[in-house]
Amino acid sequence: MDRIRILGGTQLQGTIPISGAKNAALPLMIASLLTPETLTLENVPRLADVRQLLRILTNHGVDHAIDGKRPGDSPIAGQTLHLSAKHIVDTTAPYELVSRMRASFWVLAPLIARMGEAKVSLPGGCAIGTRPVDLLLMALERLGASIDIEGGYVIAKAPQGLKGAEIVFPKVTVGGTHTALMAAVLAKGHSHIRNAAREPEVTDLAQCLIAMGAKIEGLGTSDLYVEGVAGLHGARYEVLPDRIEAGTYAFAAAMTGGDVLLERARPELLQSALDVLQLTGAKVTATPQGVRIVRNGGGIQPVDITTAPFPGFPTDLQAQFMALMTKAEGASRITETIFENRFMHVAELSRFGAHIRLENDSAIVEGMPKLKGAPVMATDLRASVSLVIAALAAEGESMIHRVYHLDRGFEQLEQKLGACGAQIERLSEAG
């Protein structure tokens, strides 16, 4: 199993290209099940989760092709996927595939919308809380599907097709909104999705569906209106840049000091995080090329944050921000409102010498002038990269174990950081 070795204490200087967003690419890939024509997706990141979802889609009969690199292409440039679900040969998504990645559960919606039936294993994924699927199933039931759970599988049926309806989510749910959208676009009649998630990745899915012939209004708001159509056609669509990756490297630049351009980053996708970053003392500048982060000389100021659905501070940046606060000049409070069990990185950050204590759904971080390199172990995707951020600023060598979590969500991490001066390398188990 691979490890990452980091020798801390080097300022980051240079340019980091931001990849396509994993959290947008996965539902877009699943949307290919809605049409017999080819859906072409550009700027798809090269990640373990993308490869796993391709295996799941292939199981359903989706043919795929990946464009080869052209001369002069950057090895970090996003790939182009061509997905064709002309013949869906199996409406069952088995446990051995779905259990490895939670987002794959979303195939339930396009399968029942197009085929009238689906049998999908209950999901797996990061161990950061229960994240139940009840709201996803509620949305399908509102659209007329019958739902049974047998032997760990959801069995959904709608032999006469889905019918438009009002879907009211009692709380904001990205997965529920993805599910409702992909089901409603082929339902007969009008659907109104209330309290819909406003995350950019939801809007990205809606825009792609519109390019495929769907009729959706209210993009970017908490009220989405869908007029069902008889069928969707193929399209070509570019995945938006990854706001979580951009925020992660922004915090890393602030943590180490230096000057980093986040190429292709779009500030409107993570404005709340950039606003917080400025409060810590970093300089944030939007440029035609992306977002520039500079912190030269000044200390890191403590800031309190509370995670919230978009446009609030993203839960997927909470661990990374906690790493930054471990070197702040004072105490900060970080409150997690989205997922339980999302403070598993606290114990590992403490191995660097960080002072963190937990109080219910909050972590109080007492900033320290110095961190010391240490061996640490990743617990989930976002927690693992928080350890990278801390290691970059720690004195001496750090070794990060179980980095397969990183490979699920961060493309070419060592290469991107190394190009900006970080002393970082990946080691095989024999290395």
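The values are calculated or read from the model by the stated rules, or taken from the named source; none is laboratory data. Because the structure is a prediction, the values reported are computed rather than measured. Here Cβ is always computed from backbone atoms with ideal geometry, including for glycine, and neighbour counts include all displayed protein chains.
From the list 340, 411, 425, the one residue that fits, being in contact with a Pro (Cβ under 7 Å, 6 or more places away or on another chain) and either in a loop (DSSP other than H, G, I, E, B) or of a type outside the set (Gly, Ala, Ser) (or both), is 411. Mind checking which residues of region 250-295 are among the acidic types (Asp, Glu), over 19 Å from residue 14 (Cα atoms) and in contact with a helix residue (DSSP H, G or I) (Cβ under 9 Å, 6 or more places away or on another chain)? Passing the criteria: only 268.
Answer yes if at least one residue in region 307-325 is in contact with a helix residue (DSSP H, G or I) (Cβ under 7 Å, 6 or more places away or on another chain), surrounded by fewer than 22 Cβ atoms within 10 Å (Cβ to Cβ), touching a residue at least 12 places away in the same chain (Cβ under 8 Å) and within 28 Å of residue 369 (Cβ to Cβ), and no otherwise. Within region 307-325 (the criterion being in contact with a helix residue (DSSP H, G or I) (Cβ under 7 Å, 6 or more places away or on another chain), surrounded by fewer than 22 Cβ atoms within 10 Å (Cβ to Cβ), touching a residue at least 12 places away in the same chain (Cβ under 8 Å) and within 28 Å of residue 369 (Cβ to Cβ)), the answer is yes, since at least one residue qualifies.
Against the conditions (1) over 22 Å from residue 270 (Cα atoms); (2) out of contact with any Lys or Arg (no Cβ under 7 Å at 6 or more places or on another chain), residue 334 satisfies every one except (1).
Yes/no per residue for (1) crowded, with 24+ Cβ neighbours inside 10 Å; (2) among the β-branched types (Val, Ile, Thr); (3) outside the structural domain of residue 84 (by TED's automatic domain parsing):
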{"position": "230", "(1), (2), (3)": "no, no, no"}
{"position": "247", "(1), (2), (3)": "yes, no, yes"}
{"position": "251", "(1), (2), (3)": "yes, no, yes"}
{"position": "254", "(1), (2), (3)": "yes, no, yes"}
{"position": "257", "(1), (2), (3)": "no, no, yes"}
{"position": "262", "(1), (2), (3)": "yes, no, yes"}
{"position": "272", "(1), (2), (3)": "no, no, yes"}
{"position": "284", "(1), (2), (3)": "no, yes, yes"}
{"position": "303", "(1), (2), (3)": "no, yes, yes"}
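If the condition is being assigned to a helix (DSSP H, G or I), under 30 Å from residue 219 (Cα atoms) and not charged (D, E, K, R), then region 292-337 contributes 315, 317, 318, 319, 320, 321. Checked against the criterion of being of a type outside the set (Ser, Thr, Tyr) and either farther than 27 Å from residue 43 by Cβ or more than 23 Å from the chain's Cα centre (by Cα) (or both), the candidates 267, 309, 241, 288 yield just one match: 288. Looking only at region 342-394, residues that are more than 24 Å from residue 22 (Cβ to Cβ) and of a type outside the set (Ser, Thr, Tyr) come to 28 in all. With respect to residue 41, is the statement that it is outside the structural domain of residue 203 (by TED's automatic domain parsing) and touching a Phe, Trp or Tyr at 6+ places or on another chain (Cβ under 9 Å) true? So residue 41 fails the test. In the set 236, 292, 243, only one residue is surrounded by 21 or more Cβ atoms within 10 Å (Cβ to Cβ), modelled with pLDDT of 95 or more and of a type in the set (Lys, Arg); that residue is 243. Filter region 385-427 for residues that are among the small types (Gly, Ala, Ser) and either at pLDDT 95 or above or not assigned by TED's automatic domain parsing to the domain that holds residue 15 (or both) and give the result. Within region 385-427, 386, 390, 391, 393, 394, 396, 398, 418, 419, 421, 422 meet the criteria.
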